[in-house]
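Participant: Here it is, the structure in full.
The values are calculated or read from the model by the stated rules, or taken from the named source; none is laboratory data. Owing to the predicted nature of the structure, the values given are computational and were not obtained by experimental measurement. Cβ atoms come from the backbone with ideal geometry, glycine included; neighbour counts cover every protein chain shown. For the accessible areas, the whole protein counts, side chains as well, though only heavy atoms, and no ligand, DNA or RNA atoms are used. Shrake-Rupley method; radii C 1.70, N 1.55, O 1.52, S 1.80 Å.
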Amino acid sequence: QSQTKFKSLHTFTVMSGCSDWLPTSFRGLSIVELFLQSAPAFLDVKPPECDQIDRVKESIFREFDTFPLDGKLSAAEIRDAFFKHDVDATYLDRLIEEDYFEARNGGIMMSDVISSRALPLACTGTTLTDASDVFFTKSTYPTMQANEAECESSKEGVTLEWDFKRVPSTNDLQCLYTDGQLLRAFKTDSKKKSVQAFKDERPSAGVGEDAVKLVTQLPFDVDLKNSVDNSGASTLSNVNHGYITSSGCVTATEDGGKCFKRTSHSTAFVLNDQKAMSKSSIMTWVRLSQRT
């Protein structure tokens, strides 16, 4: 007990920015919701079937509950669901490392799934807007009824749009997560303008044994002794630092997107002992591990 008669109960550190991982303390957004929102049978529900959403949740739970007598979904069963639904399981691995399930009966219970407030977008209506400070208004999710034009327009990216019940203030931060991992952070500007849409154009990397994993990244750094072919009309503005972050790269928020700093159209980049790549748009090279 200190001289001020206050007892120290907890010590913690406050950090700015978004957490790299979805915090487990978020109410109404946990591995339970990620499990439900990964299931097509859940996402595709629409009126008038919305009144039967509890039955849909139970059906999804039972589909992956390979040991019904224990009344729970283990981490292994959740992983099976994620892989079947093409969802990355890295966040699940992190929860296992943190003994998340050990403190929760060794898994998620059916009662956790049934009582979750998660609803398919078509079923939310005013229920979600009345209860949430931020809510989705549109998302890319083709169904069996989608026509060819819709599939064609959506195959190169996933678009998400949202609105606010509580309007953000200047410098408020929005943290966008995908599969439990931070994807982007958006800050409200001085004019109180906030981002309300995002298009995820990352190529599919696969999951499980079919996942494409980065083993080596070879950027255009000076230690690679790269050079620039200046025989044509193109030059690189700075040979030692051949890539930049700018409003023309990926997003306008300077959040890490990189592209080559050129002064004109491409001719060729040259790596030592490598053939020139005329008019190349490749930004990095990756070497993938070979299967044995």
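Participant: Under a Cβ-Cβ cut-off of 14 Å, what is the net charge of the residues other than PRO120 that fall near it, where Lys and Arg count +1 and Asp and Glu count -1? Could you put the intermediate results ahead of the total?
Facilitator: Values: positive: LYS46, ARG55, LYS57, ARG117, LYS138; negative: GLU33, ASP44, GLU49, ASP51, ASP54.
Around PRO120, the charge tally is 0.
Participant: Would you mind counting up the charge near LEU29? Only other residues with Cβ under 14 Å from its Cβ, with Lys and Arg at +1 and Asp and Glu at -1. List each step's numbers first, then the result.
Facilitator: Details: positive: ARG27, ARG117; negative: GLU33, ASP112, ASP133, ASP179.
That works out to -2.
Participant: Quick check: convex hull over the Cα atoms of segment 62-211, volume per residue in Å³, rounded to an integer? It would help to have the intermediate numbers written out before the result.
Facilitator: Numbers: hull volume 24.7 nm³, N = 150.
Cα-based convex hull of segment 62-211, divided per residue, equals 165 Å³.
Participant: Once you put a point 7 Å from the Cα of GLN196 and another 7 Å from the Cα of CYS151, both along the Cβ direction, what distance in nm separates them?
Facilitator: Each label point is offset 7 Å from its Cα along the Cβ direction, giving 3.3 nm.
Participant: For segment 1-105, what % of the accessible area comes from carbon and sulfur atoms, probe 1.4 Å? All intermediate terms of the calculation are to be shown ahead of the outcome.
Facilitator: Working: 3760 of 7290 Å².
C and S fraction of accessible area: 52 percent.
Participant: Quick one: which residues, 5 or more positions from ALA211 or on another chain, have an amide H under 5 Å from its amide H? H modelled 1.01 Å from N in the peptide plane, none for Pro or chain starts.
Facilitator: none
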